[in-house]
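K.L.:
The structure under discussion is supplied below as structure tokens; questions concerning it will follow.
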Amino acid sequence: MAMITVKNLQKKYDGTPVVKGIDFQLSPGKCVALLGPNGAGKTTTLRMLSGLIRSTGGEIHFEGMKGKDIRSQIGYLPQHPVFHNWMTGKEFLVYVGRLAHLSMTEASARADQLLERVGIADAKNRRIGKYSGGMKQRLGIAQAMIHKPKLLMLDEPVSALDPIGRREVLTLMEELKEETTLLFSTHILNDAEEVSDELILLHKGEIVESGSMNEVRDRHRVDKIDMRLEAGFEADKQAVAALPSVDHVELDKGEWHI
Ligand code: ADP
């Protein structure tokens, strides 16, 4: 049975549709990448799933639940997380734990457990301002897991990191996907390919492809689907060119043709 079922999900900003009626399901235990160029609607989709913003149409079901109840089941790391840099990593997680209604003792124990889990226990008494980008992101993942969510959602978790930070966080994601259901957004195919079991390809607010990496590749071989990606994003060009069935990618009138 699916963990999350999304039906005809829509979002309009000032009357302009940015998510145009998407349908998908997430199975428990899977790691799924939401892949698409900047502006595709990835953040908007994750925010709707997390309950941070309301959809303008459609339905989200989480194991039979709807609406506000879903929030407690999902942990969410935004694309630009805000940390209190003057706090230590431990203080921050205890603070987040208290906000999640844990007792002081519970929050402290959970903070220690999570600091260990994400691999920054050695730095728990150091101020966050002194953390590297990769350490901050790992702290952010710990924060998202404070309430033991069933689904962990990470918005572009590695896009702002240097190569060392990227490696740290991708390795952590590899480990976490064995323990939890994971949905993450990225605009880089290689990241999706490295960690995810399945991908959902979002473009201009619509799902243009979904399935396992192999399924998506096979379909490309058969159909040579014309995925029009917006111009100007080198990473997207590389991402599409990296699909083995794609012979070349060229720019024509502001759209990528494959
Ligand atoms: P992605 O995460 O794939 O880069 P977003 O979901 O952030 O895409 O954005 C999708 C589209 O919605 C973009 O065109 C963006 O400019 C627009 N958008 C996002 N948030 C808002 C907002 N709060 N108000 C108006 N437009 C928005």
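The values are calculated or read from the model by the stated rules, or taken from the named source; none is laboratory data. Since we're looking at a predicted model, the values are computed, not measured. Methodologically, a virtual Cβ is constructed for each residue, glycine included, from the backbone with ideal geometry; neighbour enumeration extends over all protein chains shown.
K.L.:
Pairs needed: first member in the stretch 153-168, over 15 Å from residue 189 (Cα atoms) and without any contact (Cβ under 8 Å) to a residue 24 or more places away in the chain; second member anywhere, of a type in the set (Gly, Ala, Ser) and within 13 Å of the ligand (Cβ to nearest atom); C-beta distance under 7 Å; at least 6 residues apart or different chains.
P.N.:
Once the first residue is over 15 Å from residue 189 (Cα atoms) and without any contact (Cβ under 8 Å) to a residue 24 or more places away in the chain and sits in the stretch 153-168, no partner that is of a type in the set (Gly, Ala, Ser) and within 13 Å of the ligand (Cβ to nearest atom) comes close enough.
K.L.:
Let me confirm something: among 176, 151, which residue is buried (at least 19 other Cβ atoms within 10 Å of the Cβ) and under 11 Å from the mean Cα position of the chain (by Cα)?
P.N.:
151
K.L.:
Additional query: Working only within the stretch 188-212, note down all residues that are surrounded by fewer than 19 Cβ atoms within 10 Å (Cβ to Cβ) and either out of contact with any Lys or Arg (no Cβ under 8 Å at 6 or more places or on another chain) or not charged (D, E, K, R) (or both).
P.N.:
Hits for the stretch 188-212 are 190, 193, 194, 208, 211, 212.
K.L.:
When only residues in the stretch 4-17 that are within 16 Å of the ligand (Cβ to nearest atom) and among the polar types (S, T, N, Q) count, which is surrounded by the most Cβ atoms within 10 Å (Cβ to Cβ)?
P.N.:
In this case the residue turns out to be 10.
K.L.:
Can you find a residue that is out of contact with any strand residue (DSSP E or B) (no Cβ under 7 Å at 6 or more places or on another chain) and more than 23 Å from residue 2 (Cα to Cα) anywhere in the stretch 73-80?
P.N.:
So far as the stretch 73-80 goes, yes, one or more of its residues are out of contact with any strand residue (DSSP E or B) (no Cβ under 7 Å at 6 or more places or on another chain) and more than 23 Å from residue 2 (Cα to Cα).
K.L.:
A further question follows. Condition first: free of Cβ contacts under 8 Å to residues at least 24 places away in the same chain and among the acidic types (Asp, Glu). Now tell me which residues in the stretch 59-91 satisfy that.
P.N.:
69, 91
K.L.:
Residue under question is residue 161, and the condition is that it be over 16 Å from residue 80 (Cβ atoms), under 16 Å from the mean Cα position of the chain (by Cα) and among the hydrophobic types (A, V, I, L, M, F, W, C); does it hold?
P.N.:
no
K.L.:
Would you check if residue 130 is without any contact (Cβ under 8 Å) to a residue 40 or more places away in the chain and at positive phi?
P.N.:
No, not satisfied.
K.L.:
Still on this model: Can you find a residue in the stretch 85-95 that is under 21 Å from residue 164 (Cβ atoms) and of a type outside the set (S, T, N, Q)?
P.N.:
yes
K.L.:
Taking the stretch 31-70 as the search range and keeping residues that are of a type in the set (D, E, K, R) and surrounded by fewer than 18 Cβ atoms within 10 Å (Cβ to Cβ), which one is nearest to residue 156 (Cα to Cα)?
P.N.:
From the stretch 31-70, those of a type in the set (D, E, K, R) are 42, 47, 54, 59, 63, 66, 68-69; that's our starting set.
Going one step further and asking which of them are surrounded by fewer than 18 Cβ atoms within 10 Å (Cβ to Cβ), we end up with 54, 59, 63, 66, 68-69.
Numbers: 54: 21, 59: 24, 63: 25, 66: 26, 68: 24, 69: 25 Å.
So the residue we want is 54.
K.L.:
Continuing with this model, one more query. Here are the criteria: (1) part of a loop (DSSP other than H, G, I, E, B); (2) within 12 Å of the ligand (Cβ to nearest atom). Tell me which single one residue 201 does not satisfy.
P.N.:
For residue 201, the exception is condition (1).
K.L.:
Of everything in the stretch 157-186 that's of a type in the set (Gly, Ala, Ser) and under 22 Å from residue 50 (Cβ atoms), which residue is modelled with the highest pLDDT?
P.N.:
Of the stretch 157-186, the ones of a type in the set (Gly, Ala, Ser) are 159-160, 165, 185.
Next, from what is left, pick out any that are under 22 Å from residue 50 (Cβ atoms): 159-160, 185.
On the way: 159: 89, 160: 88, 185: 96.
The qualifying residue modelled with the highest pLDDT is 185.
Here is a yes/no grid of residues against (1) away from the ligand (no atom under 16 Å from the Cβ); (2) in contact with a Gly (Cβ under 6 Å, 6 or more places away or on another chain); (3) modelled with pLDDT of 95 or more:
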| position | (1), (2), (3) |
| --- | --- |
| 2 | yes, no, no |
| 19 | no, yes, yes |
| 31 | yes, no, yes |
| 36 | no, no, no |
| 41 | no, yes, yes |
| 61 | yes, no, no |
| 64 | yes, no, no |
| 69 | yes, no, no |
| 82 | yes, no, no |
